[in-house]
Each structure stands twice: as structure tokens, then as C-alpha cells.
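Asks: For reference, the structure I am asking about is given below.
The values are calculated or read from the model by the stated rules, or taken from the named source; none is laboratory data. Everything numeric here is computed off the predicted structure, so don't read it as measured data. All Cβ positions, glycine included, derive from the backbone under ideal geometry; neighbour counts span all protein chains shown.
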């Protein structure tokens, strides 16, 4: 690509400041795919991007200057670094206005032909943060943070951004605090509650209820009141994401330290049931829900 020298020199000066002030990972993004095969982002990957991005910009790339030499140091094998300038169409997410034209640095892999891709005139969604003191510059937040625009992708981004901004948005889950189990009066009956840690210390607790002859039922409470009849979170929603992508695979030993061995074993089994029902954070959910394992019957019992 031939670039006029009066454009390239300021761009390289900016690249030196921007690249050295941030990890390389924050500069990387894959080359846009062809229109026939647009990239598909799972809910969790897209939610990661939106949550990390103070700015989500719908823009059309006006120019792309390939960066070589010292300014391209550290580019992953096979990728090419560009400084792009783009005309802003709209701000999909952002608390304040930005200039009509912005620039950023991006590392891209070859196109489907194995060649350096052509970025000019591509309409993209850039997931970015502002650069302090440089109002016309932004920085991509993580690898893959530039994607070809599509109406479907923008709609999904707006939906996640709305979930994040909602007054009743679920808290960010950071781990498991404690668990307890209360056996019921009948064999196979009981209830487990698992209290979660959250970033802002808001309440959050899982509840698993077992009754003889019935499938176990679980729910999540985001207040001090536990409602066993509350519906479980749907997959690909913010609440599901904040559980499925944050909870450990197994119940931490410290959370059951105060329980009897039988109650601790039942709490672990019930927690495992919740993790199974949530499904993987990334990747396709199971084709069909598996049949829960028979409940572990704790010794003794008392009224619920």
C-alpha cells in the first residue's frame, strides 16, 4: 500500500506513544472476514468486549497505513500492524461525544487468500477506550476488538450495553463465600444455599431445592429474600453470563468447612447440579439436559 509521507509520519509518532503505553494484547484484532462468512461471537465473548469497552464505535475506515520497522516490533507472527483512521458513523456505547474522525492501531492476520488485508472503506465496530490527552485517538481493548459491522452484531451489542446499564443489572460475581445444607424430613428431601461474593458486596445466593420424586430445582436470589419459585436465568443473558463465566467448577473446600461431612457432600452435589444446568460459559450448550444424579441422602433429618 502506498502512503503519502505527510500522513505516515504523524501516524508513526502516535503509534510509538500508544503502543508503548499499553500491552500488545490491547492492540490486536483479527482481520475482518469476508461478507460471506462474518465472524460469529458467542454471548460471553461479546459481553467481555462490551463490558471492557467505554466506547463502542460504528465507523468506516477512511485510511489504513501499514506500519513497519521498529514501530511494528512485537507483532505476532503472520500479522500486520496498521494505523487506521475512520469516520465515526455513530457511538453505539459511550458516555460522551467523540470527534467525527478517530484513529487506532490494529494488528490483523492475512485475509482468506493469505494476503495482507485491505481495510480501507470497511465498516467496523471498534471496541475501545479513549487515549488520555489524545481526543482523536482510541485504543482497542483486547485482541479481536475490531469486527466487521453488521446490523445483527450492532443489535446484539446494544442489547448487552442496555443490560449493563440497567438499574437492576445483576452484580459482578467474584466467587463463592459459603454454603450450607438443611436435610428434610423425608429421604431425598433438602435445601442447599450457596452465598456468593460480588464486586460491590450486593447479596447473591444460589438455592437448590430437592423433593422426593421431583427433579431438583434451583434459583438465584439477588436480595436478602430467597424465592425458590424464581425462574432460572436464561442462557445468553447478563445474569447467566455473570454466573456461568465467574463461578468455579467445583465448590471451594473453605465454603463447606463448617458443615458435617454429609451436608458438605450434599452441598457439593447441589452446586455441581447448578454448574451443569448453567452449561459452559463459552461454546455450545449441551444438546439435551442430562438427568441429574440421584440425591445424596444426608443422615438424620428435620423439618424444612
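Asks: In this structure, does residue 57 turn out to be within 14 Å of residue 124 (Cβ to Cβ), crowded, with 18+ Cβ neighbours inside 10 Å, within 25 Å of the chain's Cα centre (by Cα) and modelled with pLDDT of 95 or more?
Replies: yes
Asks: In the stretch 203-210, is there at least one residue being in contact (Cβ under 8 Å) with a residue 24 or more places away in the chain and surrounded by fewer than 20 Cβ atoms within 10 Å (Cβ to Cβ)?
Replies: No: the stretch 203-210 contains no residue that is in contact (Cβ under 8 Å) with a residue 24 or more places away in the chain and surrounded by fewer than 20 Cβ atoms within 10 Å (Cβ to Cβ).
Asks: OK, next. Residue check: is residue 72 surrounded by 22 or more Cβ atoms within 10 Å (Cβ to Cβ) and in contact with a strand residue (DSSP E or B) (Cβ under 7 Å, 6 or more places away or on another chain)?
Replies: Answer is no for this residue.
Asks: Just to be sure I understand, how many residues within the stretch 113-169 are part of a strand (DSSP E or B) and free of Cβ contacts under 8 Å to residues at least 40 places away in the same chain?
Replies: Selection size over the stretch 113-169: 2.
Asks: Looking only at residues that are touching a residue at least 40 places away in the same chain (Cβ under 8 Å) and under 24 Å from the mean Cα position of the chain (by Cα) in the stretch 211-232, which one is farthest from residue 50 (Cα to Cα)?
Replies: My answer is 218.
Asks: Something else about it: Could you please let me know if residue 169 is over 30 Å from residue 271 (Cβ atoms), under 22 Å from the mean Cα position of the chain (by Cα) and modelled with pLDDT of 95 or more?
Replies: Taking the combined requirement at face value, the residue does not satisfy it.
Asks: Is it the case that residue 110 is surrounded by fewer than 21 Cβ atoms within 10 Å (Cβ to Cβ), assigned by TED's automatic domain parsing to the domain that holds residue 75, outside any strand (DSSP E or B) and modelled with pLDDT of 95 or more?
Replies: When the stated conditions are applied, residue 110 does not pass them.
Asks: Regarding residue 160, is this residue surrounded by 21 or more Cβ atoms within 10 Å (Cβ to Cβ), in contact with a helix residue (DSSP H, G or I) (Cβ under 8 Å, 6 or more places away or on another chain) and outside the structural domain of residue 256 (by TED's automatic domain parsing)?
Replies: yes
Asks: Do we have residue 185 as under 22 Å from residue 266 (Cβ atoms) and modelled with pLDDT under 95 here?
Replies: yes
Asks: Only residues that are at negative phi, surrounded by fewer than 16 Cβ atoms within 10 Å (Cβ to Cβ), outside any helix (DSSP H, G or I) and at pLDDT 75 or above: list them for the stretch 264-301, please.
Replies: Answer for the stretch 264-301, where residues must be at negative phi, surrounded by fewer than 16 Cβ atoms within 10 Å (Cβ to Cβ), outside any helix (DSSP H, G or I) and at pLDDT 75 or above: 280, 282.
Asks: Here's something else I'd like to know. Under 8 Å between Cβ atoms, which residue pairs at least 6 apart in sequence (or on different chains) link something in the stretch 40-52 that is not assigned by TED's automatic domain parsing to the domain that holds residue 159 and part of a helix (DSSP H, G or I) with a partner that is at pLDDT 95 or above and surrounded by 22 or more Cβ atoms within 10 Å (Cβ to Cβ)?
Replies: Sorted first by the residue in the stretch 40-52, then by its partner, the list stays empty.
Asks: Follow-up. Just a yes or no: is a residue in the stretch 244-253 in contact (Cβ under 8 Å) with a residue 24 or more places away in the chain and out of contact with any helix residue (DSSP H, G or I) (no Cβ under 9 Å at 6 or more places or on another chain)?
Replies: Within the stretch 244-253, one or more residues are in contact (Cβ under 8 Å) with a residue 24 or more places away in the chain and out of contact with any helix residue (DSSP H, G or I) (no Cβ under 9 Å at 6 or more places or on another chain).
Asks: Only residues in the stretch 83-101 that are in the same structural domain as residue 46 (by TED's automatic domain parsing) count as the first member; pair them with residues that are surrounded by 15 or more Cβ atoms within 10 Å (Cβ to Cβ) and in a loop (DSSP other than H, G, I, E, B), Cβ under 8 angstrom, at least 6 apart or cross-chain, and list the lot.
Replies: 84/119; 88/98; 91/98; 93/53
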